[in-house]
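This report refers to the structure that appears directly beneath it.
The values are calculated or read from the model by the stated rules, or taken from the named source; none is laboratory data. Bear in mind the structure is a predicted one, so any value in this text is a computation, not a measurement. A quick note on method: Cβ atoms are made from the backbone with ideal geometry, for glycine too, and the neighbour counts reach across all protein chains shown.
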Amino acid sequence: MGADHFSGAAAAYARFRPGYPPALFDWIAAQTAAHDLAWDCGCGNGQASVPLAQRYGRVVATDLSARQVGEAAPHPRIEYRAAPAEASGLPDACCDLVVVAQALHWFDFARFYAEVRRVLKPGGVLAAWTYQLLRAEPGLDALFADYYQRVLASWWPAERKWVDDGYRSLPFPFAEIAAPAFEIRLQWTLDDLLAYLRTWTATRYLAQAENRDPTLPLGELLRPLWGEGEREIVWPLALRVGRA
């Protein structure tokens, strides 16, 4: 796995990063013949690990960041480890499923895929996804896009290009399985939204470099449009699934 962009925001990441829809995990679980062991690689705080443990007998969840793993929700069927993506420590041909949630674009593809082939059982499945730019309604969406594309333009790591592309051109040397469309839907206050935006890698890098919170001016623009209470926020998911 590449550089650790997330240890410094582990607690905020655990609190404010959105979870994933149960239907996503139901569909992925239906693609594997057995449900003994799943490896959640780049697990962060376990946003995917816990739903996997509800569908697989055992989950090994690894992340490069020990601080991220330290914020993960404990579960009797999950073993959390700090480990790079290309060195899971798992035995050969042991996994029914390998999952990478919102992390594949950070990996060394060739080394990670070699590890995936090593640990998957014959016919096992790799599922990787990322969520794309959030949306709410046109007036708000225009402000989200301006913040993402203009304010943060020079602060995104180069790997962000794979997310912007919806993983479509990302190398994926597996027998592909066509996946249905999934999305995350949450009811959030404006403060929830701004806290989430502060977990973005580019937001944190800009804030550290210029010693200011770049979400504050955005919040002032959003507040009169947002009003009081909660609004529905939607993240489309880009999903690549393949069989060993």
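Search the stretch 99-112 for residues being surrounded by fewer than 22 Cβ atoms within 10 Å (Cβ to Cβ) and under 18 Å from the mean Cα position of the chain (by Cα), and hand back the single one that is modelled with the lowest pLDDT. Ranking the qualifying residues of the stretch 99-112, first place goes to Gln102. Within the stretch 160-177, is even one residue touching a residue at least 12 places away in the same chain (Cβ under 8 Å), more than 18 Å from the chain's Cα centre (by Cα) and part of a strand (DSSP E or B)? Checking the stretch 160-177: at least one residue is touching a residue at least 12 places away in the same chain (Cβ under 8 Å), more than 18 Å from the chain's Cα centre (by Cα) and part of a strand (DSSP E or B). Yes or no: Tyr167 on the phi > 0 side of the Ramachandran plot and crowded, with 17+ Cβ neighbours inside 10 Å? Criteria met by Tyr167.
To keep it simple, each residue is scored yes or no on (1) among the charged types (D, E, K, R); (2) under 17 Å from Phe174 (Cβ atoms); (3) modelled with pLDDT of 95 or more.
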{"site": "Ala114", "(1), (2), (3)": "no, yes, yes"}
{"site": "Val119", "(1), (2), (3)": "no, yes, yes"}
{"site": "Asp141", "(1), (2), (3)": "yes, no, yes"}
{"site": "Phe144", "(1), (2), (3)": "no, no, yes"}
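For Ala66, are the conditions met, namely being of a type outside the set (Asp, Glu) and either modelled with pLDDT under 95 or closer than 28 Å to Pro236 by Cβ (or both)? The answer is yes for Ala66. Restricting attention to the stretch 180-194, the residues that are surrounded by fewer than 16 Cβ atoms within 10 Å (Cβ to Cβ) and assigned to a helix (DSSP H, G or I) add up to 1.
Considering only residues that are in a strand (DSSP E or B), over 15 Å from the mean Cα position of the chain (by Cα) and either in contact (Cβ under 8 Å) with a residue 24 or more places away in the chain or crowded, with 22+ Cβ neighbours inside 10 Å (or both), which ones fall in the stretch 27-83?
So in the stretch 27-83, the residues in a strand (DSSP E or B) come out as 37-41, 58-63, 78-82.
Checking the rest, the ones that are also over 15 Å from the mean Cα position of the chain (by Cα) come to 37-38, 58-60, 78-82.
Answer for the stretch 27-83, where residues must be in a strand (DSSP E or B), over 15 Å from the mean Cα position of the chain (by Cα) and either in contact (Cβ under 8 Å) with a residue 24 or more places away in the chain or crowded, with 22+ Cβ neighbours inside 10 Å (or both): Leu37, Ala38, Val59, Val60, Ile78, Tyr80.
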